[in-house]
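The structure under discussion appears below in the form of C-alpha cells.
The values are calculated or read from the model by the stated rules, or taken from the named source; none is laboratory data. Just so it is clear, the structure is predicted and the values come from calculations on it, not from any experiment. In this analysis, Cβ positions are derived from the backbone assuming ideal geometry, glycine residues included, and neighbour counts consider all displayed protein chains.
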Ligand SMILES: *Cc1c(COP(=O)(O)O)cnc(C)c1O
C-alpha cells in the first residue's frame, strides 16, 4: 500500500513559496480551461496535492491555511485517520452492490447514528443519497406523499441546491438560476428574520418576521395546501444569517399546528459545525425531517434525509433511492467521521473556534467600520461588509478585495451572501489554534491594506 502523506500528518504550517496561484497551477489551469466547462468555477485555482488538519498544499509547494473546509465538508479534517481507515477497508472488501439490490451493514449503521444524533427521541428512519440537493429533493417528495399536499415554503436568502427543484427553492438568481429556468412549480418564498437588516431592529425581528411569513403563507398559499416548510437553521450561502431568536420556534409551531412537515436543511450547519450536532438544537427545535450532507462523511459524497418514522415510511417501496445512494465506501467514511467527532469532541472545538474568532473580529470591528456585522456560531462565522455602518449599504467590492488579499498571503477564505458582501470562515474543526490565529492576523492585515 502506498504510504499516506496527507491528512493529519501533513506539516501544520503556512508556506508561501510562489505567487498564488503559482506557475504549476497556472499550467494546470490552462489544461483545465481547454476541457472543463466554464460554468464550473473555482474560488482559488491552486491545484491541490495534499490536505489535512488546517492546511491545503498545492502543486507549487505552497501550504495554505484552510478557512473553507471545501465548503463545510472536511470538518474532521482532510483524510482524517478514522475516515481513511474505514473507507480503505471497505474499498478492499467491496465498492458497490447498490443498496436497492443487495444491502450491506454500513448503510444501516449510518442510519442508526443519524437516528441517535438528530434532535428528538421519537422513532426515526433515514434514506441516504449522494448530494445535498438530492436529499432536499427527497425531503420534498416524502413531505408531499405524506401530506398529500403540494406547496413548499422556503425563505428569502435560502440556498438548497442546483438541481431543478432545488434551484426553485434557492433564493439567489445569479449565479445559481440565471438562464436555467423554467423552475419547478408550487414553491413559495417568504421573509426570514435577518436581524442586521430588519427595519425595526434586531430585537423585534424574530416575532415580526415570523408574523409576516405566517401571514403570507395563510393569505397567499393557504396553510392546508402546504406540504413542507424548509429552512436552514443558520442560512449558509445566503450570508450566514442566524434567524433572530424566536423566529424558528414560531415557524416550527405554525407547521405543527397546520399539519405541515417542518424540514431543517442542516446540510451546511450540521455535524458539529455550529458547536452542536445540529444548529436547530440551539432553540430546542425538533424538526419533522432533517437533511444532512457536507460534513457527514469527511469528504466522501453522502447525504441523508432523517425524520419521524411515520413520515419517512409514507413513500411506497421503490419510491426512494438511487443507484449510488448510501455507497458503502461513503458510509464507511461517515462512520469514521462520526467516530472522530465524538472522540475529539468537535462540538467543543467548534465553540473554541467561535470564541477565538469572535474575539479577534470584534477587536477588528472597532478599527475597521467596514465590518457591519459579525455573526454565526461555532466554526460557521461570517462578517458582513458595508460602505457605511449607518446606511448598511452592501460592500461586495470590499469582500472581493479582502478575499484576494488573503489568498495572496496563503489564507483560503470564501465569500457569500445575497449581496456578495459577506466573508465567511469555515475552518476544519481540527485546525490548530496557532494556524487559526495566523489566519486572523492575515485578515487583520488585509483590512489595514484595504
Ligand atoms: C450545499 C448545500 C446544499 C446543496 O448540497 P450539494 O451537495 O451541493 O447538492 C443544500 N442546502 C444547503 C443548506 C447547502 O449548504
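Which number in (1) in contact with a strand residue (DSSP E or B) (Cβ under 7 Å, 6 or more places away or on another chain); (2) crowded, with 17+ Cβ neighbours inside 10 Å; (3) not in a loop (DSSP other than H, G, I, E, B) marks the one condition that residue 216 misses? The number of the failed condition is (2).
Comparison of 257, 265, 288, 224 shows that the only residue that is more than 30 Å from residue 421 (Cβ to Cβ) and buried (at least 24 other Cβ atoms within 10 Å of the Cβ) is 288.
Residue-wise test of (1) under 30 Å from residue 335 (Cβ atoms); (2) in contact with a helix residue (DSSP H, G or I) (Cβ under 6 Å, 6 or more places away or on another chain); (3) surrounded by fewer than 16 Cβ atoms within 10 Å (Cβ to Cβ).
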| site | (1), (2), (3) |
| --- | --- |
| 10 | yes, no, no |
| 30 | no, no, yes |
| 42 | no, no, yes |
| 64 | yes, no, no |
| 70 | yes, no, no |
| 85 | yes, no, yes |
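When residue 98 is tested against (1) away from the ligand (no atom under 16 Å from the Cβ); (2) under 25 Å from residue 327 (Cβ atoms); (3) touching a helix residue (DSSP H, G or I) at 6+ places or on another chain (Cβ under 9 Å); (4) part of a loop (DSSP other than H, G, I, E, B), just one condition goes unmet, and that condition is (3). When we screen 234, 261, 226, 190 for residues that are touching a strand residue (DSSP E or B) at 6+ places or on another chain (Cβ under 8 Å) and either in the same structural domain as residue 424 (by TED's automatic domain parsing) or within 15 Å of residue 283 (Cα to Cα) (or both), the only hit is 234.
Against the test of being in a helix (DSSP H, G or I), within 21 Å of residue 131 (Cα to Cα), within 16 Å of the ligand (Cβ to nearest atom) and at pLDDT 95 or above, the options 334, 304 yield a single qualifying residue, 334. Taken together, the residues in the range 396-417 that are buried (at least 21 other Cβ atoms within 10 Å of the Cβ) and part of a loop (DSSP other than H, G, I, E, B) amount to 3.
Being under 11 Å from residue 23 (Cα atoms) and surrounded by 24 or more Cβ atoms within 10 Å (Cβ to Cβ) is the filter here, so list the residues in the range 46-57 that pass it. Answer for the range 46-57, where residues must be under 11 Å from residue 23 (Cα atoms) and surrounded by 24 or more Cβ atoms within 10 Å (Cβ to Cβ): just 46.
Out of 127, 135, one residue alone is away from the ligand (no atom under 15 Å from the Cβ), assigned by TED's automatic domain parsing to the domain that holds residue 319 and touching a residue at least 60 places away in the same chain (Cβ under 8 Å). It is 127. Looking across the range 292-301, the residues that are in a loop (DSSP other than H, G, I, E, B) and either more than 10 Å from the ligand (Cβ to nearest atom) or without any contact (Cβ under 8 Å) to a residue 24 or more places away in the chain (or both) come down to 298, 299, 300.
What about residue 201, is it away from the ligand (no atom under 16 Å from the Cβ), surrounded by fewer than 17 Cβ atoms within 10 Å (Cβ to Cβ) and more than 19 Å from residue 138 (Cβ to Cβ)? Criteria met by residue 201. Restricting the range 265-291 to residues that are more than 10 Å from the ligand (Cβ to nearest atom) and part of a strand (DSSP E or B), which is farthest from the chain's Cα centre (by Cα)? My answer is 289. For the range 151-171, a residue qualifies if it is within 22 Å of residue 210 (Cα to Cα), part of a loop (DSSP other than H, G, I, E, B) and within 12 Å of the ligand (Cβ to nearest atom), and the qualifying residues are 157, 158, 159, 160, 170, 171.
Taken together, the criteria exclude residue 406 from residues that are in contact with a helix residue (DSSP H, G or I) (Cβ under 8 Å, 6 or more places away or on another chain) and in the same structural domain as residue 114 (by TED's automatic domain parsing).
Restricting 372, 307, 326 to residues that are touching a strand residue (DSSP E or B) at 6+ places or on another chain (Cβ under 8 Å) and more than 26 Å from residue 241 (Cα to Cα) narrows the list to 326.
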